[in-house]
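> One structure follows; several queries about it will come next.
The values are calculated or read from the model by the stated rules, or taken from the named source; none is laboratory data. Because the structure is a prediction, the values reported are computed rather than measured. Neighbour counts are summed over all protein chains in view; Cβ atoms, including those assigned to glycine, are modelled from backbone coordinates with ideal geometry. Side chains included, ligands, DNA and RNA excluded: accessible areas come from the protein's heavy atoms. Shrake-Rupley method; radii C 1.70, N 1.55, O 1.52, S 1.80 Å.
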Amino acid sequence: MIEGRTIGAWTEALASKAPVPGGGGASALGGALGAALGQMVVNLTVGKKRYAAVEEEMQEHLAALKKLQEDLLGLADQDAEVFAPLAEAYGMPAETKEQKAKKERVMEERLLAASLVPLQMMEKASEVLDILKELEKKGSRMAVSDVGVAVQFARAALLGAVMNVYINTKSMKNRERADELNRRAQKLTRTGVQKADEVYSRVLESLGGGTP
């Protein structure tokens with residue numbers, strides 16, 4: 001479990017030649033860090049007279065970001081959990097007609113599972129970006145740079161996870177299902193990156209850094 005390990009231990013495992021954790025888990029962790037930074041911005045906003053008008057909204061954002069952080073950390077573990085069965089399926093025998101049919105069926109099931117986990121990461125990262133967009137507008141101005149950092153973590157989570165969708169859908173025999181998953185991933189990528197870049201540009205401008 002990712003939550004039961006130190007950052008050092010998890011990154012050492014990531015650096016090793018072990019198959020997991022890998023890019024999917026790292027993407028999920030990046031999204032979780034974006035959600036955590038968003039919570040910090042909220043915590044620096046609530047209870048301040050200057051932001052009293054958005055106090056209730058900020059409390060809602062805080063609860064949502066905490067849940068998203070938990071979900072993304074959970075998806076980091078799930079990413080590792082779905083990889084082992086998929087790797088096992090690649091090694092199944094396929095000498096007879098029956099073996100080939102069984103392998104193809106099992107492969108399809110496990111490729112789908114391995115595609116859905118990073119797709120969920122993308123959905124969660126997109127939700128984080130939706131909240132960060134509001135925090136850039138209404139959160140503490142003292143923490144606006146942290147919104148910008150959080151946006152980049154969520155953006156990286158999105159773009160990292162999408163590759164884990166594609167690498168699995170590429171091998172699926174059911175091209176109709178694969179194309180449907182790819183379309184969902186493409187839409188999340190397109191809208192998420194646009195959202196992230198818009199927020200990041202506004203943060204840079206507010207800090208006097210111009211446009212990226």
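> Please report, to one decimal in angstroms, the Kirkwood hydrodynamic radius of the stretch 43-91 built from all distinct Cα-Cα pairs.
13.5
> Could you state the angle between the C-alpha long axis of helix 97-138 and the longest principal axis of the C-alpha atoms of the chain, as a value from 0 to 90 degrees rounded to the nearest 10?
Between the helix axis and the principal axis of the chain, the angle is about 0 degrees.
> Scaled to the compact-protein estimate 2.2 N^0.38 Å, what is the alpha-carbon radius of gyration of the stretch 1-95, rounded to two decimal places?
On the way: Rg = 18.5 Å, N = 95, 2.2 N^0.38 = 12.4 Å.
Against the empirical 2.2 N^0.38 Å value, I get 1.49 for the stretch 1-95.
> Round to the nearest 10 and report in Å² the accessible area of residue 163, as given by a 1.4 Å probe over the protein chains' heavy atoms.
120
> For every helix of n ≥ 4 consecutive DSSP H residues, a contribution of -39,500 (n - 2.57) applies; sum these over the chain, divide by its total residues, and give [θ] at 222 nm rounded to the nearest 500 deg cm²/dmol.
Calculated mean residue ellipticity at 222 nm is -28000 deg cm²/dmol.
> Roll a 1.4 angstrom probe over the protein heavy atoms and tell me the percent of accessible area of the stretch 80-212 that is carbon or sulfur.
On the stretch 80-212, the fraction of accessible area on carbon and sulfur atoms equals 53 percent.
> So what are the radius of gyration and Dmax for the Cα set of the stretch 79-133, in Å?
16.0, 55
> Now a separate question. Output the 0 to 90 degree angle, nearest 10, between the alpha-carbon long axis of helix 23-43 and the longest principal axis computed from the alpha carbons of the chain.
20
> Turning to a different aspect of this structure: What trypsin sites (Lys or Arg not before Pro) does the stretch 2-58 have in DSSP loop regions with at most 14 other beta carbons within 10 Å? It would help to have the intermediate numbers written out before the result.
Details: sites: 5, 17, 48, 49, 50; in loops: 5, 17, 48.
When the trypsin sites (Lys or Arg not before Pro) of the stretch 2-58 are filtered for loop state and at most 14 Cβ neighbours within 10 Å, 5, 17, 48 remain.
> If you roll a 1.4 Å probe over the heavy atoms of the protein chains, what accessible area per residue do you get for the chain, in Å²?
Per-residue accessible area for the chain comes out at 53 Å².
> Diagonalise the Cα gyration tensor of the chain and give the resulting equivalent ellipsoid semi-axes, square root of 5 times each eigenvalue, largest first, whole Å. Show your work: numbers first, answer last.
Numbers: eigenvalues 287, 62, 38 Å².
In descending order the semi-axes read 38, 18, 14 Å.
> Restricting attention to the alpha-carbon atoms of the stretch 60-156, what are Rg (one decimal) and Dmax (integer), both in Å?
19.6, 66
> Compute log10 of I(q)/I(0) for the stretch 125-212 with the Debye formula, placing one identical point scatterer on every Cα and leaving out solvent, at q = 0.22 Å⁻¹, to two decimals.
Result of the Debye calculation: -0.95.
> Still on this model: Please give the helix 175-206 orientation as an angle from the longest Cα principal axis of the chain, in degrees from 0 to 90, rounded to the nearest 10.
20
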